[in-house]
1. With the condition kept exactly as written, say whether any residue in the stretch 201-217 is closer than 27 Å to residue 360 by Cα, among the aliphatic types (A, V, I, L, M) and surrounded by fewer than 16 Cβ atoms within 10 Å (Cβ to Cβ).
2. Considering only the stretch 345-376, how many residues are modelled with pLDDT of 90 or more and of a type in the set (S, T, N, Q)?
3. Taking strands (runs of 3 or more DSSP E) that fall entirely within the stretch 24-141, which contain at least 3 residues that are of a type in the set (Lys, Arg)?
4. What single numbered condition from (1) surrounded by fewer than 17 Cβ atoms within 10 Å (Cβ to Cβ); (2) modelled with pLDDT of 85 or more fails to hold for residue 91?
5. Quick one: in the stretch 144-167, which of the residues that are more than 13 Å from residue 244 (Cα to Cα) and not in a helix (DSSP H, G or I) is modelled with the lowest pLDDT?
6. Of these, 206, 170, which one is under 17 Å from residue 338 (Cβ atoms), part of a helix (DSSP H, G or I) and not hydroxyl-bearing (Ser, Thr, Tyr)?
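The values are calculated or read from the model by the stated rules, or taken from the named source; none is laboratory data. This structure is a prediction, so every number in the text was calculated from the model and none was measured. Please note: Cβ atoms are built from the backbone with ideal geometry, for glycine as well, and neighbour counts cover all protein chains shown.
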Amino acid sequence: MKKVSYLLLPFLTFVLFILPHTGVAQEVFSEDQGIWRGKVTEVINDAVKTIPGTDTEHLYQTIKAEVLDGPKEGEVITIENDYLELSTGDKFYFRYSVYMDGSEAYGVINIDRKGSIFVLISIFVLAVIIFGRWQGVRSLFALAGSFFAIFYILMPSILAGWNPILVSVLVASVILFAAIFFTHGFNRESAVAYGGTMIAVFLTSLFAIFSVHLTDLSGFASEASVYLNFNTNGALDFTALLLGAMIIGVLGVLDDVAVTQAAVVTELYNSNASLSRVEVYRKALRVGREHVGALVNTLVLAYVGVSLPLLLQFYTASSSLSMSINTELFATEIVRTVVGSIGLILAVPIVTLLAVFYLKDYKPKHGHSHSHGHGH
């Protein structure tokens, strides 16, 4: 009898432990029912309360909203909102959850800005077309090509496991091709600007690799990197991803300085045919220095503008300036600015040298050549 009991033990174990777990696995409950859009129909209550555990005051609202899509479309729901201030008529996104006990909950997660963004983009497109005319239209096509390369080549390739540095350089070549040739035409000036810029991109990439490894940056300076690491199960090299971001980030200003230098050399040759290559190089380099001085300042101010909340946080913190600079978040922005500035400095002599040799006796088809200067 004992022997039979021992033989039954595995079967009983399977019945008691495995089968119940299998049943539960088939009926896993999911709280999150989805994210939907709503429109505020009434603000029932506004109250300023202190956030628990802090001395910071925050606005809490009770609102009624009409559901604009999803399974509850057309219904009016009540939401306790402690995320951002909403007014009657505002459209927003909310999360709809249902708990195990059957209770429902709604949470505001963002305001619906699509309409406003579309208006701003329309104004931008109109301004570019009115001011730039046909060249402005070409620049918009180039911009669309850049977005296509980033969203449909760069991102999928990185997520597929390609090296972010290699992919960024390849995508940079595509973006620069579109930005330079589609905007400024398929001519010798554009070819010189493109060739010089690609050499500058390659050298800037080498300097970026040196800088990031010198400062031991990991690429985890922001929360987005941490979340992305979890979402990809740690499959990405975030140091390489940071380097790729630096390469892509410097393309706009490299395009600007390269096209301008090529245009300056063309104008110098056409204004005085007796000038030697050395004289043209010196004169164009002087213009390039002025341009780089302005662009470096622009680059630094652009990064400061983006990082202003970060700078204010460090300003109000009790840690010293040296301690703040030492943090990865701060150090990353410093390295990004330095790498971008070095890229600019490298681009000027390289493009100017190529232009001096290849643009002598070149006559642009249009009398104004690239007289737009900084208009990128």
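1. Taking the stretch 201-217 first, the residues closer than 27 Å to residue 360 by Cα are 201-203.
Those still in the list that are among the aliphatic types (A, V, I, L, M) too: 201, 203.
Then drop every residue that is not surrounded by fewer than 16 Cβ atoms within 10 Å (Cβ to Cβ), which leaves 203.
For the stretch 201-217, residues closer than 27 Å to residue 360 by Cα, among the aliphatic types (A, V, I, L, M) and surrounded by fewer than 16 Cβ atoms within 10 Å (Cβ to Cβ): present.
2. Here is the first cut: in the stretch 345-376, the residues modelled with pLDDT of 90 or more are 345-358.
Still in the list and also of a type in the set (S, T, N, Q): 352.
Total satisfying the criteria: 1.
3. Working: elements: 32-50, 57-67, 76-81, 91-98, 104-111.
It comes to 32-50.
4. Here residue 91 clears every test but (1).
5. Only one residue tops the list, namely 161.
6. Numbers: 170 fails: under 17 Å from residue 338 (Cβ atoms).
From the options 206, 170, the qualifying one is 206.
Quick grid of which residues meet (1) assigned to a helix (DSSP H, G or I); (2) crowded, with 22+ Cβ neighbours inside 10 Å; (3) among the acidic types (Asp, Glu); (4) in contact (Cβ under 8 Å) with a residue 24 or more places away in the chain:
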| position | (1), (2), (3), (4) |
| --- | --- |
| 175 | yes, yes, no, yes |
| 198 | yes, no, no, yes |
| 224 | yes, no, no, no |
| 233 | no, no, no, no |
| 241 | yes, no, no, yes |
